[in-house]
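A.B. asks: Sharing a structure here in structure tokens format.
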Ligand SMILES: [Zn+2]
């Protein structure tokens with residue numbers, strides 16, 4: 001596995017264990033060349049998914065790319081990596097269970113928004129603002145209103161933090 005910091009191919013596994021839900025193997029790796037530490041996950045892939053872009057172009061579904069866009073939205077937010085991992089697993093399972101090997105970028109975007117909504121309000125707004133390509137301030141206001149309004153769902157809402165609006 002190539003070191004993400006210096007590009008060396010000579011990285012070593014220091015620790016290997018299943019994730020909390022046993023859906024993946026988590027490996028802590030270290031690079032002897034630069035001392036960089038990083039984590040990789042080994043998972044089941046049920047089927048090969050193709051993403052149909054808005055342009056009509058088809059590209060293979062790339063979980064790492066999905067993860068990167070989610071991580072950009074979650075940057076500096078206090079969310080545990082294991083929860084992000086579970087959310088990503090959930091999204092991929094949902095995509096795989098749609099019954100079609102072709103999925104649209106819209107379907108992915110909607111699932112990510114749903115997932116982030118339950119994970120972190122700020123990340124949700126960040127992702128949605130990019131995904132929905134908002135141009136007007138009012139769109140943000142509507143979204144914030146959606147987050148701060150009373151929701152009818154009674155279960156597990158007590159622990160949610162109020163929406164914060166800083167970037
Ligand atoms: Zn390195």
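A.B. asks: Quick test for you: out of 13, 51, 44, pick the one residue that is more than 16 Å from the ligand (Cβ to nearest atom) and either at pLDDT 90 or above or surrounded by 13 or more Cβ atoms within 10 Å (Cβ to Cβ) (or both).
C.D. replies: Only one candidate passes the filter, namely 51.
A.B. asks: Here's something else I'd like to know. Being out of contact with any helix residue (DSSP H, G or I) (no Cβ under 7 Å at 6 or more places or on another chain) and within 16 Å of the ligand (Cβ to nearest atom), is that true of even one residue in the range 57-65?
C.D. replies: No: the range 57-65 contains no residue that is out of contact with any helix residue (DSSP H, G or I) (no Cβ under 7 Å at 6 or more places or on another chain) and within 16 Å of the ligand (Cβ to nearest atom).
A.B. asks: Go through the residues of the range 19-37 one by one and say whether even a single one is more than 16 Å from the ligand (Cβ to nearest atom), surrounded by fewer than 10 Cβ atoms within 10 Å (Cβ to Cβ), touching a residue at least 40 places away in the same chain (Cβ under 8 Å) and assigned to a loop (DSSP other than H, G, I, E, B).
C.D. replies: Scanning the range 19-37, I find no residue that is more than 16 Å from the ligand (Cβ to nearest atom), surrounded by fewer than 10 Cβ atoms within 10 Å (Cβ to Cβ), touching a residue at least 40 places away in the same chain (Cβ under 8 Å) and assigned to a loop (DSSP other than H, G, I, E, B), so the answer is no.
A.B. asks: A follow-up question, please. Filter the range 74-92 for residues that are touching a strand residue (DSSP E or B) at 6+ places or on another chain (Cβ under 9 Å), surrounded by fewer than 20 Cβ atoms within 10 Å (Cβ to Cβ) and in contact (Cβ under 8 Å) with a residue 60 or more places away in the chain and give the result.
C.D. replies: Once the filter is applied, which keeps residues that are touching a strand residue (DSSP E or B) at 6+ places or on another chain (Cβ under 9 Å), surrounded by fewer than 20 Cβ atoms within 10 Å (Cβ to Cβ) and in contact (Cβ under 8 Å) with a residue 60 or more places away in the chain, the range 74-92 yields 82, 89.
A.B. asks: Do we have residue 71 as touching a strand residue (DSSP E or B) at 6+ places or on another chain (Cβ under 9 Å) and either under 20 Å from residue 126 (Cβ atoms) or away from the ligand (no atom under 16 Å from the Cβ) (or both) here?
C.D. replies: Considered against the rule, which asks whether it is touching a strand residue (DSSP E or B) at 6+ places or on another chain (Cβ under 9 Å) and either under 20 Å from residue 126 (Cβ atoms) or away from the ligand (no atom under 16 Å from the Cβ) (or both), residue 71 comes out as no.
A.B. asks: Which of the following residues is assigned to a helix (DSSP H, G or I) and modelled with pLDDT under 70: 127, 140, 134?
C.D. replies: Exactly one of 127, 140, 134 is assigned to a helix (DSSP H, G or I) and modelled with pLDDT under 70, namely 140.
A.B. asks: Related question: Taking the criterion of being touching a strand residue (DSSP E or B) at 6+ places or on another chain (Cβ under 6 Å), in the same structural domain as residue 86 (by TED's automatic domain parsing) and surrounded by 14 or more Cβ atoms within 10 Å (Cβ to Cβ), would at least one residue in the range 55-64 satisfy it?
C.D. replies: There is at least one residue in the range 55-64 that is touching a strand residue (DSSP E or B) at 6+ places or on another chain (Cβ under 6 Å), in the same structural domain as residue 86 (by TED's automatic domain parsing) and surrounded by 14 or more Cβ atoms within 10 Å (Cβ to Cβ).
A.B. asks: Additional query: Go through the range 66-85 and count every residue that is outside any loop (DSSP other than H, G, I, E, B) and in contact with a helix residue (DSSP H, G or I) (Cβ under 9 Å, 6 or more places away or on another chain).
C.D. replies: Number satisfying all stated conditions: 10.
The values are calculated or read from the model by the stated rules, or taken from the named source; none is laboratory data. From a predicted model like this one, the values you see are computed outputs, not experimental measurements. Note that each Cβ is placed from the backbone with ideal geometry, even for glycine, and that neighbours are counted across all protein chains shown.
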